[in-house]
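J.: Pasting in a structure now, in structure tokens, and then I'll have a few things to ask.
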Amino acid sequence: MQLVGSSVFGAALSSPTRPLRHLIGRGLDAVLPAQCAACAAPVMAAGALCAGCWNRIDFIERPYCERLGIPFAHDLGPGALSAAAMAAAVPFDRVRAAARYGGVARDMVVALKFADRTDLAPMMAAWMTRAGAELIETADVIAPVPLHWRRLFARRHNQSALLARQIARRTGKPLVADLARRVRATRPQTGLSGSARGRNVAGAFRAGRRHAPRIAGARVLLVDDVLTTGATAAAVARALRRAGAAAVDVLVFARVVEESGVAI
């Protein structure tokens with residue numbers, strides 16, 4: 001078993017007390033060389049990326065569409081909207097992403113979701129917090145995109161909830177993990193067309209009934225790991241709006257962007 005840092009090894013030690021785990025982690029950090037969180041190359045500090053991996057992440061910076069966060073090749077002026085934003089009738093208000101989906105960003109998403117690399121969540125959430133600062137500032141509550149209980153049982157964690165929890169800790173904004181629920185199991189979205197994705201998740205989500213007072217009139221920040229067509233985020237947003245949410249913004253770690261600049 002390869003050790004990639006004290007955070008991973010320490011998580012496996014469930015019996016010692018927290019102070020003892022902390023001491024063990026610090027001891028491992030002192031003995032083992034720090035490794036890149038993505039490729040395991042030597043780095044100066046734990047929880048960091050090497051220069052090569054850092055340069056392979058395409059961070060999304062302005063200029064971008066003020067509504068959907070799609071990056072522009074040129075600055076079109078304040079408040080500029082993309083063609084997709086003007087053409088699409090989506091139930092969420094604003095979208096922000098830390099990076100384009102590809103390269104190291106894609107590898108991190110896959111590792112967090114499928115390879116139990118939960119140690120990546122703090123780093124990814126830190127970049128999301130920066131990218132979504134304006135959305136976080138106006139949010140009344142943070143909520144993750146939920147998993148169906150069967151998939152949660154198989155995967156053992158909800159990557160969206162891990163990211164949302166880290167963002168809430170960093171910002172002090174309230175987190176309600178079950179603000180929305182997935183009430184119907186759906187097939188994985190991978191490989192489906194945009195229209196098929198929409199049909200796949202239609203009616204799959206409901207707002208948590210016991211949170212109705214919390215949702216009514218609130219601005220909800222919906223957190224997910226990646227946005228492709230936006231079908232899943234749209235389905236959750238519709239459920240929250242039906243429950244009375246005043247607005248739903250979406251913050252993801254990575255988003256898919258076509259070469260033309262239009263999201264798929």
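J.: What pairs come up if the first residue lies in the stretch 163-175 and is polar (S, T, N, Q), the second is at pLDDT 95 or above and surrounded by 15 or more Cβ atoms within 10 Å (Cβ to Cβ), and their beta carbons are under 6 Å apart, counting only those six or more places apart or on different chains?
T.: Between residues of the stretch 163-175 that are polar (S, T, N, Q) and residues that are at pLDDT 95 or above and surrounded by 15 or more Cβ atoms within 10 Å (Cβ to Cβ), the close pairs are 166/121; 166/122; 166/125; 171/136.
Each row is one residue, and each column tells you yes or no for (1) within 22 Å of residue 146 (Cα to Cα); (2) under 19 Å from the mean Cα position of the chain (by Cα); (3) crowded, with 18+ Cβ neighbours inside 10 Å; (4) not small (Gly, Ala, Ser).
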| position | (1), (2), (3), (4) |
| --- | --- |
| 53 | no, no, yes, yes |
| 62 | no, no, no, yes |
| 68 | yes, yes, yes, yes |
| 84 | no, no, yes, no |
| 88 | no, no, no, no |
| 102 | no, yes, no, no |
| 105 | yes, yes, yes, no |
| 108 | yes, yes, yes, yes |
| 114 | yes, yes, no, yes |
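Every residue, every condition in (1) of a type in the set (A, V, I, L, M, F, W, C); (2) in contact with a Lys or Arg (Cβ under 7 Å, 6 or more places away or on another chain); (3) modelled with pLDDT under 95, yes or no:
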{"site": "94", "(1), (2), (3)": "no, yes, no"}
{"site": "97", "(1), (2), (3)": "yes, yes, no"}
{"site": "101", "(1), (2), (3)": "no, yes, no"}
{"site": "130", "(1), (2), (3)": "no, no, no"}
{"site": "150", "(1), (2), (3)": "no, no, yes"}
{"site": "165", "(1), (2), (3)": "no, no, no"}
{"site": "178", "(1), (2), (3)": "no, no, no"}
{"site": "182", "(1), (2), (3)": "no, no, yes"}
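J.: Now for a separate question. Quick one: residue 96 ticks every box in (1) in contact with a Pro (Cβ under 6 Å, 6 or more places away or on another chain); (2) surrounded by 21 or more Cβ atoms within 10 Å (Cβ to Cβ) except a single one, so which number is it?
T.: Exception for residue 96: condition (1).
J.: If you take the residues in the stretch 132-161 that are over 20 Å from residue 239 (Cα atoms) and part of a loop (DSSP other than H, G, I, E, B), which one is farthest from the chain's Cα centre (by Cα)?
T.: 156
J.: Report yes if residue 72 is over 26 Å from residue 240 (Cβ atoms) and aromatic (Phe, Trp, Tyr), otherwise no.
T.: Against the criterion (over 26 Å from residue 240 (Cβ atoms) and aromatic (Phe, Trp, Tyr)), residue 72 qualifies.
J.: Given the conditions (1) modelled with pLDDT under 95; (2) under 23 Å from residue 244 (Cα atoms); (3) in a helix (DSSP H, G or I), which single one is not true for residue 196?
T.: Unmet condition: (2).
J.: Could you grab me the full set of residues in the stretch 118-163 that are hydroxyl-bearing (Ser, Thr, Tyr) and surrounded by 15 or more Cβ atoms within 10 Å (Cβ to Cβ)?
T.: 118, 129, 160, listed by residue number.
J.: Residue 25 - would you say it is in contact with a helix residue (DSSP H, G or I) (Cβ under 9 Å, 6 or more places away or on another chain), part of a helix (DSSP H, G or I) and at pLDDT below 90? Walk me through it before giving the result.
T.: On the way: in contact with a helix residue (DSSP H, G or I) (Cβ under 9 Å, 6 or more places away or on another chain): yes; part of a helix (DSSP H, G or I): yes; at pLDDT below 90: yes.
The answer is yes for residue 25.
J.: Do any helices (runs of 4 or more DSSP H) entirely within the stretch 42-131 hold 1 or more residues that are polar (S, T, N, Q), and if so, which?
T.: Numbers: elements: 51-55, 83-87, 103-114, 121-131.
Of the helices (runs of 4 or more DSSP H) lying wholly inside the stretch 42-131, those with at least 1 residues that are polar (S, T, N, Q) span 51-55, 121-131.
J.: Output the residues belonging to the stretch 69-121 that are within 15 Å of residue 131 (Cβ to Cβ) and of a type in the set (Ser, Thr, Tyr).
T.: Answer for the stretch 69-121, where residues must be within 15 Å of residue 131 (Cβ to Cβ) and of a type in the set (Ser, Thr, Tyr): just 101.
J.: Regarding residue 241, is this residue more than 22 Å from residue 98 (Cα to Cα), in a strand (DSSP E or B) and either of a type outside the set (Asp, Glu) or not assigned by TED's automatic domain parsing to the domain that holds residue 85 (or both)? Before you say what the answer is, go through the steps one by one.
T.: Details: more than 22 Å from residue 98 (Cα to Cα): yes; in a strand (DSSP E or B): no; either of a type outside the set (Asp, Glu) or not assigned by TED's automatic domain parsing to the domain that holds residue 85 (or both): yes.
In short, no.
J.: Any residue in the stretch 208-215 that is hydrophobic (A, V, I, L, M, F, W, C), under 21 Å from the mean Cα position of the chain (by Cα) and at pLDDT 95 or above?
T.: If we filter the stretch 208-215 for residues that are hydrophobic (A, V, I, L, M, F, W, C), which is where we start, we get 212, 215.
The next check asks that each one be under 21 Å from the mean Cα position of the chain (by Cα); those that pass are 215.
This time we only want the ones that are at pLDDT 95 or above, so: 215.
Within the stretch 208-215 (the criterion being hydrophobic (A, V, I, L, M, F, W, C), under 21 Å from the mean Cα position of the chain (by Cα) and at pLDDT 95 or above), the answer is yes, since at least one residue qualifies.
The values are calculated or read from the model by the stated rules, or taken from the named source; none is laboratory data. Only a predicted model underlies this, so the values are computations on that prediction, with no experimental measurement involved. In this analysis, Cβ positions are derived from the backbone assuming ideal geometry, glycine residues included, and neighbour counts consider all displayed protein chains.
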